[in-house]
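Chemist: Below is a structure I'd like to ask you about.
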Amino acid sequence: MKISKSRKTFIFVNTIFLSLLTLSMMLPFVNIIAISFSEGIAIDTGKVTFWPVLPTLENYQLVFSNSAILRSFGVSVYVTFIGTLINLLFTVLLAYSLSRKEFKFKKACSIFILITFVFSAPLIPTYILIKSLGLLDSLWALMIPSAISTFNYFVLESFMEQVPEEIIESARMDGAGELRTLVQIVFPLAKPALATVGLFYAVTHWNSYMAALMYIRSKAYYPLQVKLREIIMEGNVDASSQDMVVLSSYGVKMTTIIVSIIPILAVYPFIQKYFVSGMTLGGVKE
Amino acid sequence: MAIYSKNQLTIGDQARGSIKKKNTVLDNILKHRALYFMALPGLLWYLIFKYLPMMGSIIAFQDYNLFKGFSGSPFVGLKHFKFFMQYPEFFRILRNTLVIGLYDIIFSFPAPIILALLLNEITKNSFKRTIQTLVYIPHFLSWVVIGGIFMNTILSPDAGIINYFLKILGFDPIFFMSKPSYIRSILITSGIWKDIGYGTIVYLAAIAGINPNLYEASSVDGASRLRQVFVITIPSIMSVVVVMLLLRIGHFMDFGFERVYVFLSGINQDAAEIFDTYIYRVGLQGSQFSYSTAVGLFKSVVGLVLLLVSNFLSKKLADKSLF
C-alpha cells in the first residue's frame, strides 16, 4: 500500500512531537546530573547546562559525608524494607483468603473494603488514632497505618483468583494446610503479581512524605524525603563540622535529589517489566 | 437398587441442610478456620485504620479536647460548620479546590489519552518502547523531588531551563514562583509532567485489545488512518475512558496534599491552598481538631455528591456506571 503524503507528514510531526515531549522530561535530569558533577563556581555563574563544568566529585563527597543525610537515607531504607514486608504480609493473607471459593463472606468483605476506597479516612481523626496508639514519633507510624493499599489488594486478589482451583485442591488432597498451600503452591504461581505489588509498595514507601510530616517530630527519624525537602527549601545543609569553603548549596541540593532518586532508577527496569500487567489487572477490576 | 438408595440419601441430606441452615455457615467457618484466621489481620486493619477514623469524624460535632477524649468532650452540634460557612477564608479554599480540580479534569485527564493515541501511531517498535520507558519515569519520583526539579531546574529565574531558553530568545526572565498567578498552572503542569506517560498504560492496553479486523475492513472500504482513529480507536476505548473519568470525578476533591504542599508558600497560598493542605495547617499545626474535621467532613460530602451525580448522569447518558 502506498503511504500518502499527509500520512508521511503526520508521522514526521508526531515523531518530532513525541521526541520533544520525552526530551522535556529528560533535560531537567541531565541538567541536575551535570550540576551535581560541577564545581560550585561554575554552578553559581550559571555556566552549567547539560554537561558538567569543572568536573568534580565534591558535591557527592559533601552529601555522603553529611551524617544527617546519611541517617535519613538509612531511615528510608529501613522503612522501605520493613514496611514492604509488612505490606506484603497483610495484603497477601487477605487477598489469598478472600480469593478462595470456600470463603463465604467474600461479597460482604469486598464491599467493606471498597467503601474505604470511596470514603478515605479523615486526616485529623487518623492523627488522633495514631497518637492514642502511641505510634507518634515512631517509625511504625510510617508502616502500620499504610499496611494495605486497596488498589494493590485488588491487583493481588484478582491475580490469585486466576490460580486454577484444581491445583489448590490437589494440594489439599495431599494434606497441605492453608498456609502451606499458600507458600508452596500459590506463591510460585503468583510471583509476577507479588513482585509487582511489592515494588509498588516499596516505591510508595520510598517516596512517602506526608506521613512523616504528620507523625515524625525527631530529626533523627526523618526519612530522606523530609530531609530532602528541608534542604531544597532552606538550602542549608547542616555542615557545621565540615569545611564550607567551596560549598555551593545549589550543587548540594541537586546532588541530594540525585542521591534520592538513584534507588528508584535502580529498581525501575524491574518494575517496568511488571507494572503494565499490574496496572491493567487493577484497571479491569475497577 | 443401589442408585435408588443413593438418591434417597441425597434428598435426606438436603432436607437436613435446610432445617439446620444456620449451622452450615458455622460448619464452613469451623472447617476452614485457617482460611478465616488468615483474613482476620487484614480485615481488622481496615476496621482500625479506616473505619475507626471515619467514626472519629464525630469530633466535628464536638469541642474535642485531646485530654477529655471522645466521650468527655461536649457536643456542640453544627457550631463548627456554621463557623466556617461565615469565614471568607473558607470560600477561598473551596474555590481553589474546585477550580484546581476542574483544571485537572480539563487538562490533565485527556493528556494521557492523546499521548496514547499518538504513541499508537508510531510504527517503529523500538522507538515506541524507548519513548514509553522514558516517559514513565517521572511517575516513580516523589512530589518532593518533582517540586525540587520544577522550582529549581525548570522554573528558577536564574538557573531554570525555561528562562534559559527565554534568555536565548531575548526575553526577560519570568519569576514563576514569586507570582501567585502562575501557581495553578504550575500545579497542573507538574501533574501532567509526572503522570502523562504512566497514564497511557491503561489506554494503550485498551487500544491493544481492539480487534485488528476492524481496521482491515475499514481500510478495504477506503477509510484513511485519521478516520480510523475517530471511527474505530476512540469509540473502542470509550468505555475505559468513561470509567477512568468517573474514578477521577470520584476523587475530584482529593487533588492531593503532597503535590500542592511542596509548591505552597506564603506568596501563592491565596491561589493554591486546597482543603487537604488547609486541614493540615489549621488542624494539625493549629491544633483546631474539631473545626478542621468539620471542614474535612464537608469536603467528603461534596466529593460524594459529585461522584453520585456523575455516576447517575453517566448511567443515563452513556449507559456506563461504577455501581
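Chemist: Evaluate chain A: find the radius of gyration of its Cα atoms, find its Kirkwood radius, and give the ratio Rg to Rh.
Modeler: With Rh from the inverse mean 1/r over Cα pairs, Rg/Rh is 1.08.
Chemist: Now for a separate question. Within region A:87-181, which trypsin sites (Lys or Arg not before Pro) sit in a loop by DSSP and count at most 12 neighbouring Cβ atoms inside 10 Å?
Modeler: The qualifying sites are A:Lys101.
Chemist: Can I ask one more? May I have the extent of the alpha carbons of chain B along their three principal axes, as whole Å values ordered from largest to smallest?
Modeler: Principal extents (Cα only, largest first): 102, 75, 38 Å.
Chemist: At what distance in angstrom do the alpha carbon centres of region A:150-207 and region B:54-91 lie from each other?
Modeler: So the two Cα centres are separated by 43 Å.
Chemist: Around A:Thr9, what is the net charge, scoring Lys/Arg as +1 and Asp/Glu as -1 over all other residues with Cβ under 14 Å from its Cβ?
Modeler: +3
Chemist: What number results when the radius of gyration of region B:90-133, computed over Cα atoms, is divided by 2.2 N^0.38 Å? It would help to have the intermediate numbers written out before the result.
Modeler: Numbers: Rg = 16.8 Å, N = 44, 2.2 N^0.38 = 9.3 Å.
For region B:90-133, the normalised Cα radius of gyration is 1.81.
Chemist: Name the most mobile residue of A:Ser208, A:Ser24, A:Ser76, meaning the one with the largest mean-square fluctuation, in a Gaussian network model of chain A with Cα contacts below 10 Å.
Modeler: A:Ser24
Chemist: Cut-off 12 Å, label point 7 angstrom out along Cα-to-Cβ of A:Glu165: give me the residues of region A:179-217 whose amide nitrogen falls inside.
Modeler: Zone members listed by number: none at all.
Chemist: Still on this model: How large is the charge dipole for region B:79-317, taken about the Cα centre, if only the Cβ atoms of Lys, Arg (+1) and Asp, Glu (-1) carry charge, to the nearest 20 debye?
Modeler: With only Lys, Arg, Asp and Glu charged at Cβ, the dipole is about 320 debye.
Chemist: So how much slack lies between B:Ser321 and B:Thr189, counting 0.36 nm per residue of separation and subtracting their Cα-Cα distance, in nm?
Modeler: Taking 0.36 nm per residue and subtracting the Cα distance, the gain is 44.6 nm.
Chemist: Please get the size of the charge dipole for the protein assembly as shown, origin at its Cα centre, with Cβ charges of +1 on Lys and Arg and -1 on Asp and Glu, quoted in debye to the nearest 20.
Modeler: The calculated dipole for the protein assembly as shown is roughly 1520 debye.
Chemist: Quick one: if you stick a label point 7 Å off each Cα along the C-beta vector at B:Phe107 and B:Lys179, how many nm between them?
Modeler: Once both label points are built, they end up 1.4 nm from each other.
Chemist: Determine one quarter of the surface area of the Cα convex hull of region B:140-250, which equals its mean projected area, and express it in nm² to one decimal.
Modeler: 10.7
Chemist: Expressed as cubic angstrom per residue, what is the convex hull volume of the alpha carbon set of region B:166-323?
Modeler: With only Cα atoms used, region B:166-323 gives 175 Å³ per residue.
Chemist: Starting from the Kirkwood Rh over alpha-carbon pairs, what translational D in µm² s⁻¹ does the protein assembly as shown have by Stokes-Einstein at 10 °C and 1.306 mPa s?
Modeler: Using the Kirkwood radius from Cα pairs, D works out to 58 µm²/s.
Chemist: If you don't mind, there's one more thing I want to ask. At 7 Å along Cα-to-Cβ for each site, give me the label-to-label distance between A:Ser24 and A:Arg172 in nm.
Modeler: Spacing of the two 7 Å Cα→Cβ label points: 5.6 nm.
Chemist: Using the charge dipole of the protein assembly as shown (Lys, Arg: +1 at Cβ; Asp, Glu: -1 at Cβ; taken about the Cα centre), state which of B:Ser290, A:Ile231, B:Trp193 has its Cα farthest towards the positive end.
Modeler: B:Ser290
Chemist: Could you give the nm distance between label points at B:Arg225 and B:Tyr87, where each point is 7 Å from its Cα heading toward the beta carbon?
Modeler: 5.6
Laboratory data are not the source of any read-out in this text; all were calculated from the coordinates shown. The shown structure was predicted, so the numbers you read here are calculated from the model rather than taken from an experiment. All Cβ positions, glycine included, derive from the backbone under ideal geometry; neighbour counts span all protein chains shown.
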